[in-house]
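The values are calculated or read from the model by the stated rules, or taken from the named source; none is laboratory data. Quick caveat, the model's predicted, so the values are computed rather than measured. For neighbour counting, all protein chains shown are included, and Cβ atoms are generated from backbone atoms with ideal geometry for every residue, glycine included.
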Amino acid sequence: MKITDTIKYVGVNDETIDLFEGQYRMLHGVSYNSYVILDEKIAIMDTVDRRATEEWLNNLEKVLEGRTPDYLIVSHMEPDHAANIRRVAEKYPEMKLVGNAKTFPMIAQFFDLNIEGREVIVKDGDTLSLGRHTLQFFMAPMVHWPEVMVTYEQSEKVLFSADGFGKFGSLSAEEPWEDEARRYFINIVGKYGAPVQTLLKKAAALDIAMICPLHGPVLTENLGHYIGLYDTWSSYRPEEKGVLIAYASIYGNTRKAAEALADELTCAGQQVYMMDLCRCDLAQAVSDAFRYDRLVLACATYDSGMYLPMEDYLNHLKAKNFQKRKVGFVENGSWAPMAAKKMKEALEGMKEMTFCDTVVTIRSAMKENDLPQIQKLAEELCAE
């Protein structure tokens with residue numbers, strides 16, 4: 001993959017990984033992006049995961065053509081990007097490591113590596129000349145680790161954005177950017193909306209022609225679209241109008257009530273999306289809750305509380321700072337329905353939430369006389 005004549009791609013596709021961070025399902029793999037800037041002095045922009053060490057080193061050697069790199073820029077210390085710091089530092093003992101005040105203590109935590117005299121510590125706004133290229137560093141703490149920084153190359157107007165603007169999926173995956181970028185952002189970075197907003201304000205002052213993230217494709221066109229989505233996601237505004245119905249059903253009766261509500265909403269002209277929390281990719285269900293402006297939670301009562309797939313889902317929404325949504329509730333219980341009460345309690349600490357007044361309560365199985373309440377909830381969800 002060509003970046004520019006002087007900025008080379010040396011990253012690696014990982015098409016066999018099944019779980020990212022040990023928890024997120026990988027449908028089409030992931031890429032570990034790394035770049036080299038060739039100039040009077042040479043800079044390597046991050047390393048890659050240990051799963052890709054040998055291929056990365058081979059890519060690096062081909063691009064270097066026998067030259068020795070002068071700098072390794074360490075944007076982010078998470079092991080999928082930093083796993084090979086020791087390997088490359090030992091391979092090129094004269095190479096200096098560039099990071100910030102929080103980078104080097106983490107290097108010492110991860111590696112038994114003596115880099116005394118090789119550290120270049122940069123602060124927000126500092127620059128480093130490679131010759132024709134000048135790197136400018138901007139701190140991005142908690143996007144999504146405390147040591148994160150991004151690098152702007154001034155001559156070619158390239159932003160090396162660390163985990164920002166990344167996505168799941170290898171570079172060979174033919175799929176829209178938005179869906180897997182959203183799933184990546186919400187689940188990896190979603191909790192840290194305010195730090196992302198701070199970084200976007202810094203980026204707004206730069207003339208950016210290209211964004212080179214640490215995962216996913218290099219972005220070269222319509223950058224306002226991608227930056228706009230990041231602004232929406234990090235400010236927790238809904239991306240689209242629509243109703244997500246997330247249901248957790250034991251024997252299918254709660255599902256039937258959820259489907260009846262979906263029918264009513266569809267007939268009213270609403271876009272409706274359904275997620276079976278017992279079977280779906282939980283990260284996708286979390287991502288979709290942030291995507292749409294309304295959410296319905298439909299759940300069976302279980303051990304005097306929520307059915308556990310719903311409890312797990314709401315815990316994940318809370319962890320990712322879910323907020324600013326309208327929510328309706330459907331519960332089921334054969335003798336003591338408690339699911340709606342427990343679901344409301346789980347959401348009450350979230351910011352700017354609006355709960356529908358109508359709560360649909362199903363007793364064991366949905367019947368004809370439950371339809372008026374379902375219709376009433378649908379009307380509330382349709383109201384502006």
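Per-residue answers, yes or no, for (1) without any contact (Cβ under 8 Å) to a residue 24 or more places away in the chain; (2) in contact with an Asp or Glu (Cβ under 6 Å, 6 or more places away or on another chain); (3) assigned to a loop (DSSP other than H, G, I, E, B):
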position: Gln284; (1), (2), (3): no, no, no
position: Asp312; (1), (2), (3): no, no, no
position: Pro337; (1), (2), (3): no, yes, yes
position: Lys344; (1), (2), (3): yes, no, no
position: Glu352; (1), (2), (3): no, no, yes
position: Met366; (1), (2), (3): no, no, yes
Give the number of residues within the stretch 28-77 that are closer than 13 Å to His215 by Cβ and of a type in the set (S, T, N, Q). 4
State whether one or more residues within the stretch 49-72 are modelled with pLDDT of 95 or more and in a strand (DSSP E or B). yes
Tell me, which residue of the stretch 275-317 that is closer than 19 Å to Tyr184 by Cβ and among the charged types (D, E, K, R) is surrounded by the fewest Cβ atoms within 10 Å (Cβ to Cβ)? Asp281
Just for the stretch 210-249: of the residues that are in contact with a strand residue (DSSP E or B) (Cβ under 9 Å, 6 or more places away or on another chain) and acidic (Asp, Glu), which one is surrounded by the most Cβ atoms within 10 Å (Cβ to Cβ)? Glu239
I need a count of the residues in the stretch 49-81 that are small (Gly, Ala, Ser) and in contact (Cβ under 8 Å) with a residue 24 or more places away in the chain. 2
Single unsatisfied condition, Leu381 versus (1) surrounded by 19 or more Cβ atoms within 10 Å (Cβ to Cβ); (2) part of a helix (DSSP H, G or I); (3) touching an Asp or Glu at 6+ places or on another chain (Cβ under 7 Å): (3)
Restricting to the stretch 92-117, count the residues that are out of contact with any Ser or Thr (no Cβ under 9 Å at 6 or more places or on another chain), of a type outside the set (Val, Ile, Thr), closer than 25 Å to Tyr152 by Cβ and in contact (Cβ under 8 Å) with a residue 24 or more places away in the chain. 4
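Would you call Tyr302 without any contact (Cβ under 8 Å) to a residue 60 or more places away in the chain and assigned by TED's automatic domain parsing to the domain that holds Tyr273?
yes
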Under 9 Å by Cβ, and 6 or more places apart or on different chains, what pairs join a residue from the stretch 25-48 that is under 19 Å from Ala181 (Cβ atoms) with one that is part of a loop (DSSP other than H, G, I, E, B) and of a type in the set (Lys, Arg)? Val30/Lys167; Ser31/Lys167
Enumerate the pairs (first residue in the stretch 154-169 and in the same structural domain as Arg132 (by TED's automatic domain parsing) and in contact (Cβ under 8 Å) with a residue 60 or more places away in the chain; second residue anywhere and of a type in the set (S, T, N, Q) and surrounded by fewer than 24 Cβ atoms within 10 Å (Cβ to Cβ)) with beta-carbon separation below 7 Å, excluding pairs fewer than 6 apart on the same chain, so at least 6 apart or on different chains. Glu156/Thr4
Quick one: in the stretch 25-48, which of the residues that are in a strand (DSSP E or B) and among the small types (Gly, Ala, Ser) is surrounded by the fewest Cβ atoms within 10 Å (Cβ to Cβ)? Ala43
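With under 27 Å from Arg182 (Cα atoms), of a type in the set (Ser, Thr, Tyr), not assigned by TED's automatic domain parsing to the domain that holds Gly193 and not in a strand (DSSP E or B) as the only criterion, which of Thr254, Thr266 stands out? So that I can check it myself, show each step before the final result.
On the way: Thr254 fails: under 27 Å from Arg182 (Cα atoms).
Checking each option against the conditions leaves just Thr266.
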Return the residues of the stretch 207-259 that are among the charged types (D, E, K, R) and either touching a helix residue (DSSP H, G or I) at 6+ places or on another chain (Cβ under 7 Å) or under 30 Å from Thr6 (Cα atoms) (or both); say none if nothing qualifies. Asp207, Glu221, Asp231, Glu239, Glu240
Being surrounded by fewer than 16 Cβ atoms within 10 Å (Cβ to Cβ) and among the small types (Gly, Ala, Ser) is the filter here, so list the residues in the stretch 194-209 that pass it. Ala194, Ala204, Ala205, Ala209
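Can Ile186 be described as modelled with pLDDT of 95 or more, β-branched (Val, Ile, Thr), surrounded by fewer than 21 Cβ atoms within 10 Å (Cβ to Cβ) and not in a loop (DSSP other than H, G, I, E, B)? Spell out the reasoning first.
Values: modelled with pLDDT of 95 or more: yes; β-branched (Val, Ile, Thr): yes; surrounded by fewer than 21 Cβ atoms within 10 Å (Cβ to Cβ): no; not in a loop (DSSP other than H, G, I, E, B): yes.
Spelling it out, it is not the case that Ile186 is modelled with pLDDT of 95 or more, β-branched (Val, Ile, Thr), surrounded by fewer than 21 Cβ atoms within 10 Å (Cβ to Cβ) and not in a loop (DSSP other than H, G, I, E, B).
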Quick one: in the stretch 1-24, which of the residues that are charged (D, E, K, R) and either in a loop (DSSP other than H, G, I, E, B) or surrounded by 14 or more Cβ atoms within 10 Å (Cβ to Cβ) (or both) is farthest from the chain's Cα centre (by Cα)? Asp5
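What is the residue count in the stretch 171-206 for residues that are of a type in the set (Ser, Thr, Tyr) and under 15 Å from the mean Cα position of the chain (by Cα)?
So the first thing to find is which residues in the stretch 171-206 are of a type in the set (Ser, Thr, Tyr), and the list is 172, 184, 192, 198.
Pick out the ones that are also under 15 Å from the mean Cα position of the chain (by Cα) and you get 184, 192.
Total meeting the criteria: 2.
Within the stretch 218-245, track down each residue that is in a helix (DSSP H, G or I) and touching an Asp or Glu at 6+ places or on another chain (Cβ under 8 Å). First the steps, then the outcome.
Taking the stretch 218-245 as the starting set, the residues that turn out to be in a helix (DSSP H, G or I) are 223-234.
Those that are in a helix (DSSP H, G or I) and touching an Asp or Glu at 6+ places or on another chain (Cβ under 8 Å): Leu229, Thr232, Trp233.
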